[in-house]
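Everything on this sheet refers to the single structure shown next.
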Amino acid sequence: MKKKIAVIGAGLTGSIIARKFAEKGYKVDLYEKRSHIAGNCFDNKEFNSFTHKYGPHLFHTSNERVMEFLKNFSDFVPYPHKVNAFIDGQFVPIPFSLASLKITHPEFLQKRIVQKLLGEYKFGSQITIFKLLDSVDKDLKNLGEYIYDKVFLGYSSKQWGVKNPLDLDKGVLNRIPVRINNDTNYFNDKYQFLPKDGYTSLVKNILKHPKINIFLNRNVQIELNSITSSCESIKINHKNYLHAFFTGMIDELFAFSMGELEYRSLFFKKSEAIFSPSTRPSLQLNYPNNYNFTRIIDYGFISKTLGFKPLKSRLVTEYPGRFDRKSEIFNQAFYPLFTSKAKDKYNKYKLKLKSVSKVITVCGRLGTYRYLDMDDAIAAAFAVVDNSILIK
Ligand SMILES: Cc1cc2nc3c(=O)[nH]c(=O)nc-3n(C[C@H](O)[C@H](O)[C@H](O)COP(=O)(O)OP(=O)(O)OC[C@H]3O[C@@H](n4cnc5c(N)ncnc54)[C@H](O)[C@@H]3O)c2cc1C
């Protein structure tokens, strides 16, 4: 049989797998159910900026292989991401750091807390919120409770739809550290960039290869029942392929035979405003308390990063909700729910994959039911290709 494979989903994962196999001489048919490529990184140009249709995407990595690969397909502009949270009428830098403490606490208390923090932790280190909450020192424990109540509690409750965020997997809250320094950058990674011409253009360039054919608006459903462990090929859209790489939802692939996996979704409400960094100090403004939305994104900051002097901004307010494929507003699966029940269900689906693994590989953010940053998704796509039975 000819060296021909199918890739389902034209997000970063699918696009990179398509490119790598095309470079190895395979003909690749890439199917995407949406009307566009680039998956959740899709962006379009507005007011000399890029608006990210499915929420703001800020690229950051310390992975050299990922960066070297991407440089072939786009120029990049440095963008150190900043986040501020609106707390008691003021904007406070997030992650919470000594710079945040200067805004939220009176001077006499700041000095005492800083002294105690530096007595326990090295300047420049970062700790989890749990370290402070578990502290035996009263001031440090109070600080932990303050940060938990003002920064974590409301935001995580809204984002994950839970009353008590402490019931979530600890990893969720550990993603945002407390910093023992004055660093107001959101990420620590070596590379923090935005693609100069946007993510869609970056993905378009990845897919520019004579061996890749792209089919948009094709919702692929695979007939798994007809696949046995002796099958040498897989049929998709009446065509035979040596192998299919599926980057969609794993429960959908199995027709929800063991129930639906739970996700959180988002509703994006658009508005526009005069670009005003003195009123809105960063691209991302978190509203942990008092509102039913979680954050406002000001895309004027991308325009500024690209070297323009923005007059107007696209603003997008994010409202989280429970994913429901039949809902009019929460019908996109964005974040897998991190509970042990959800993990167990996913593992059952994963087990079922074994019998069809000769002709189908399930991967990507939705396929592996994991929150993957873009660089992790890219690195995971490299690994899928490196470990593929087609290559070995
Ligand atoms: C709100 C939000 C903000 C984020 N912000 C950041 C950030 O700031 N920095 C960062 O590094 N990462 C961020 N990410 C993560 C980033 O979006 C992912 O790393 C990336 O999208 C993973 O790519 P993927 O190809 O695995 O998945 P996706 O981008 O979801 O692509 C999967 C594609 O498969 C298609 N598909 C699914 N099923 C089928 C089917 N049956 N037939 C055909 N096509 C199908 C889908 O339509 C989709 O286009 C964010 C994610 C979200 C949700």
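The numbers here are math on the coordinates, done by the rules we state, and not lab data. If you're wondering where the values come from, they're calculated on a predicted model, not measured in any experiment. Heads up, the Cβs are rebuilt from the backbone with ideal geometry, glycines too, and the neighbour counts pull from every protein chain shown.
Side notes on the structure shown:
- Put a plus charge on the Cβ of each Lys and Arg, a minus charge on the Cβ of each Asp and Glu, and nothing anywhere else: the dipole of the chain about its Cα centre is then about 900 debye.
- Listing Asp149, Asp373, Asp251 from fewest to most neighbouring C-beta atoms within 10 Å gives Asp149, Asp373, Asp251.
- For the stretch 303-350 versus the stretch 29-65, the gap between their alpha-carbon centres in whole angstrom: 13 Å
- Cα convex hull, the stretch 94-179: 92 Å³ per residue, rounded to a whole number.
- Straight-distance crosslink candidates among lysines, where the alpha carbon sits under 28 Å from Lys116 and sequence neighbours closer than 8 are dropped: Lys82, Lys102, Lys131, Lys138, Lys141, Lys150, Lys170
- Inter-centroid distance (Cα atoms) of the stretch 73-91 relative to the stretch 101-158, Å: 22 Å
- When each of Lys3/Lys350; Lys190/Lys350; Lys33/Lys163; Lys211/Lys235; Lys53/Lys352 is checked by Cα-Cα distance, pairs over 24 Å: Lys3/Lys350; Lys190/Lys350; Lys33/Lys163; Lys53/Lys352
- Ratio Rg/Rh [Cα only; Rh per Kirkwood] for the chain: 1.00
- Förster radius 22 Å - calculated FRET efficiency between Asn72 and Lys190 (Cβ-Cβ, nearest 0.05): 0.75
- Gaussian network model of the chain, springs between alpha carbon atoms under 10 Å - residue of Lys20, Lys111, Lys358 with greatest fluctuation: Lys111
- Pairs of alpha carbons in the stretch 52-100 separated by more than 13 Å make up 71% of all such pairs.
- When DSSP beta bridges are restricted to pairs lying wholly in the stretch 1-104, around 65% turn out antiparallel.
- The calculated 222 nm mean residue ellipticity attributable to helices in the chain amounts to -8000 deg cm²/dmol, summing -39500 (n - 2.57) over DSSP H runs of n ≥ 4 and dividing by all residues.
- Most simply put, the chain has about 70% antiparallel DSSP beta bridges, counting only bridges with both residues inside it.
- Computed about the Cα centre, the dipole magnitude for the stretch 94-179 is approximately 180 debye when only Lys and Arg (+1) and Asp and Glu (-1) carry charge, each at its Cβ.
- Selected from Thr305, Thr339, Thr61 as most flexible by GNM, with the chain as the system and alpha-carbon contacts under 10 Å: Thr339
- Taking the fewest neighbouring Cβ atoms within 10 Å as the starting point, the ordered list for Asp324, Asp386 is Asp386, Asp324.
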